[in-house]
């Protein structure tokens, strides 16, 4: 046996050992290509997006795939025999459909009008939970209206103004010789009471004539808002 023949035989033996080693390594690690999935001892081609496995591959045939049924989807290559169920947007939780489910992608939900999203999922694409915008309280105004991603921002009214929870308004300024006998508050709907001199304001903001010094209040009578003398 000459040198070249011996070298060839030796290289052939090394090659065979390498092939055997790779086969054994594959069996131990169950390694398949990224576009394959392992079933038993076989690496089968995955089904494409929007489909599922109908029949697994064998030594003699490739994987058989079927489209996803209505109400299901598959958004990545798969070796699964069932597609995933489409997400439902719960109206009772203030959610609605932004994007309908297709065989290729899941439903995307967003907050209903008057709500904002509390929890974002899937790289901020889908809203998983929402909450209703808060209402500003009397004495506050809407500083920043609520949006689909943020709640309403409320701020207190400035001194000399009042509100019912939306917009602040200035208290009435007394004119024509009338004087302030009852200051308005940040929450009062009747801004303030303006009466003639020697009148006082009731709880509901009506002006009534004061009693003379040393006199007791008369039997209850009714007075016009702008009159000083009894009717």
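The values are calculated or read from the model by the stated rules, or taken from the named source; none is laboratory data. All values reported here derive from a predicted model rather than from experimental measurement. Cβ coordinates were reconstructed from backbone atoms using ideal geometry, including for glycine residues, and neighbour counts include every protein chain displayed.
Annotations for the structure displayed:
- Test: residue 51 is exposed (fewer than 14 other Cβ atoms within 10 Å of the Cβ) and farther than 30 Å from residue 147 by Cβ: no
- Being under 13 Å from the mean Cα position of the chain (by Cα) and more than 24 Å from residue 87 (Cβ to Cβ) is a description that does not apply to residue 114.
- Residue check, residue 120 loosely packed, with under 14 Cβ neighbours inside 10 Å, at pLDDT 90 or above and not in a loop (DSSP other than H, G, I, E, B): yes
- Selection count, segment 34-57, where residues are outside any strand (DSSP E or B) and modelled with pLDDT of 90 or more: 8
- Filter result for residue 84 (surrounded by 12 or more Cβ atoms within 10 Å (Cβ to Cβ) and modelled with pLDDT of 95 or more): yes
- Top-ranked residue of segment 123-151 - restricted to ones that are part of a loop (DSSP other than H, G, I, E, B) and over 13 Å from the mean Cα position of the chain (by Cα), ranked as farthest from residue 89 (Cα to Cα): 139
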